[in-house]
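Read the structure below first, then the notes.
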Amino acid sequence: MGLSIVLPSIQQGKTMARRAAANSTEQQHREMEASSRQAAWYAKATAYRPLLPARQLSRADEVKLHRLRLGYRTLEELRDDFESRQYDHCGHLARHPLRHYLLSCPATAQLRQQIGGPEDDEDRAALVLRRALEDLPRLLVVVRSAPPPR
């Protein structure tokens, strides 16, 4: 009598395929985070959690929140000769308008809590946004009255 091979059941095969797909997706996310500033921002700011009440939001609010979640830079920042921009809400000159908006603009002060942790401003700004996304009604009040930089 020889050894007999037992093939996995259909359910076991599906489970193995799901795990392999999840592992592959996770690996792709890690690679993207390492090579893309925007992917790294998204991971830090959202922890890959979806924006659940999207159906209840107006299109304008949805756009503002998605721009924040994706860490979009302003058009001026994308130009090679960009040095700073006067910020609409407070008149401050900012080299990085989104960071200023989240970390030091008086118009968004109610979103900030005492946060320790990351030394890097980009990481701190992403953490402020992640915490603000946990209180969506308050975040919406702020972005409606003081929209993020575009």
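FYI, it's all coordinate maths here, none of it is from the lab. Every value quoted in this text rests on a predicted model; they were computed, and no experiment measured them. Quick reminder, even Gly has a Cβ in these numbers, built from the backbone with ideal geometry, and neighbours come from all protein chains shown.
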ask   = In the chain, if every C-alpha pair distance is counted and binned at 10 Å from zero, what percent goes to each bin?
value = 10, 33, 29, 13, 7, 5, 3, 1, 0
Expected 222 nm ellipticity per residue - DSSP helices of 4 or more, -39500 (n - 2.57), all of the chain, to 500 = -16500 deg cm²/dmol
Loop-located trypsin sites (Lys or Arg not before Pro) in region 34-123 whose Cβ has at most 13 other Cβ within 10 Å (DSSP) = 79, 95
ask   = Mind listing the phi-derived Karplus ³J(HN,Hα) values for region 78-90, rounded to whole Hz, using 6.51, -1.76 and 1.60 with θ = phi - 60°, and x for any glycine or proline?
value = 6, 7, 5, 8, 5, 10, 6, 9, 6, 7, 4, 7, 9
Nonlocal amide H pairs with residue 85, under 5 Å, H built at 1.01 Å = 94, 95
remark   = The simple spin-label model distance between residue 9 and residue 150, using points 7 Å out along Cα→Cβ, in nm, is 5.6
